[in-house]
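Here the structure is laid out as structure tokens; the discussion comes afterwards.
The values are calculated or read from the model by the stated rules, or taken from the named source; none is laboratory data. Every value quoted in this text rests on a predicted model; they were computed, and no experiment measured them. Neighbour counts run over all protein chains shown; Cβ positions are idealised from the backbone, glycine included.
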């Protein structure tokens, strides 16, 4: 039986996610409804993607009995309300990253999912790419020995709007942080040191962070809204190196001790808004597999990881002086 | 007339420097004497390199009237005494990096050079490679727009012995720091944040540093004694990128907006101890040109830069808790 998806928000990322679903077998994944704040937007999206039901409110989607799981593609300041709406309606949820604006909100979302006994996952899509699966395999085999250092960069032109949760950390840093956290198995760092440059809008344009882990292991990352960084990542071990060439947030190649392997994503059936978006198919398939097994969280991107990422975010923002209105509530 | 060199210490780096001098015209550079703490070592070095005079003490070298400039290749805890010995004997000096163990010692060396009116330069050889000259040209032309970020890595198996001034910062970090400082034109950073892992020997095995400069510019670097890092550097500007592939500390290629150019160093006449050591010819020629012009410091590696590097080193060591015996005097 197909996993029946509802799409919350008819924006750019929802478009890409829906295109990605179409690269998977129709007997496995089906989009049954889409909801937007304006009915016309939902209807246009439904027409474009051949979806039978279009709603002008998220509440209607939450009430739709045909929906197994909702993909939440709204801007991140709206994640909290959207996630709670769907979990309270007993819907499973895949919510775009970052899961929420701070750790307090993340806890509220996770609690709501647990209370309602539904599946919930932060859409850390990078983790489900074949290249990322291969990284975890290599690390488990200690192929590069003991990992000593992880480094990641992500800098692209991106929104600096504070009310949209913009800035280098939530939009870009999350990709670096989730990568580092994956390599170090969701371990909490012993120390975090962050330095950044804030804009007049109150968000950070530049961010550099050093993380110290147990057993003499370290990590560092750099984010920039505005300039194009190298956008790669590297894992350095005592016996070798794994490089993730750009785009490290949606990787299609891996260089292991200088040997490169390609992991191409499928061609899209419609033009995409973002790089390699058909790679969202891997996280969608993870959701399906978890639902088939009756899991309430993904072992690859568990709730504890989402909470840890949010806690690290909070600490980094405290150090660089970025405060969102959500932090004051 | 040839610049007449005296070599202080018959160790590995002095060997490489002497081989590098031989790649330059003999009418420009001549090695007239070598000194070691043991006469036999100096004699063996002299035989191997065809040097007419060998001394069993540095004092004899300092008194030799045929020596125009002394290359100081002793371990860095001995730089202070060696440099003062030669400057007080009115010899010009090229001293290996780091110039000394801390800023206090560096000041003492610089003061001694000024007082005796001799030329003195820290052997920041990287700056004189053709690839580095090209970097400075490109930056002066604003070829990659406004520089926003500089990143460098340097990690190799290296001494952790505290009494030799070992550890990630003085041995390796100096290469990253001098690179960053070159790009930012010897400007003092607004803030320094360092994180590192100390060994039981009291030196740091791992080091990660974030530097914040004026006008929203940043830099970061990582050092490791023990694991092989990427050992490259990158300069990110608003209009493009300059990459310095490994080995960034003695670069023979440059990638400017993805276009690579090679800058090979000459073949050595004898086996070398360290990578690309014939590239020491460029700093030697800088010394000659400065002496011919009657300069007391190099405009490319001025005294102010040596002092700033030492001050940054001191601050970084303060933050990561590395204290050398020299700091307590």
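For the condition modelled with pLDDT under 95 and buried (at least 20 other Cβ atoms within 10 Å of the Cβ), what is the one hit in B:313, B:327?
B:313
Could you tell me whether any residue of region A:170-185 is in a loop (DSSP other than H, G, I, E, B) and away from chain B (no Cβ under 11 Å)?
Yes, the conditions are met somewhere in region A:170-185.
For region B:213-236, which residues satisfy the criterion of being at the interface with chain A (Cβ under 7 Å from one of its Cβ atoms) and farther than 28 Å from residue B:203 by Cα?
B:216, B:236 - these are the residues of region B:213-236 that are at the interface with chain A (Cβ under 7 Å from one of its Cβ atoms) and farther than 28 Å from residue B:203 by Cα.
Name the residue, out of B:80, B:61, that is outside any strand (DSSP E or B), surrounded by 21 or more Cβ atoms within 10 Å (Cβ to Cβ) and out of contact with any strand residue (DSSP E or B) (no Cβ under 9 Å at 6 or more places or on another chain).
The conditions single out B:80.
Can you tell me which of (1) modelled with pLDDT of 95 or more; (2) within 14 Å of residue B:313 (Cβ to Cβ) is the one residue B:183 doesn't meet?
Failed condition: (2).
Could you list, in sequence order, all residues of region B:247-256 that are under 13 Å from residue B:176 (Cα atoms) and either touching a helix residue (DSSP H, G or I) at 6+ places or on another chain (Cβ under 6 Å) or within 11 Å of chain A (Cβ to nearest Cβ) (or both)?
B:249, B:250, B:251
Being part of a strand (DSSP E or B) and either within 21 Å of the chain's Cα centre (by Cα) or surrounded by 21 or more Cβ atoms within 10 Å (Cβ to Cβ) (or both) is the filter here, so list the residues in region A:5-46 that pass it.
A:5, A:6, A:7, A:8, A:29, A:31, A:33, A:34, A:35
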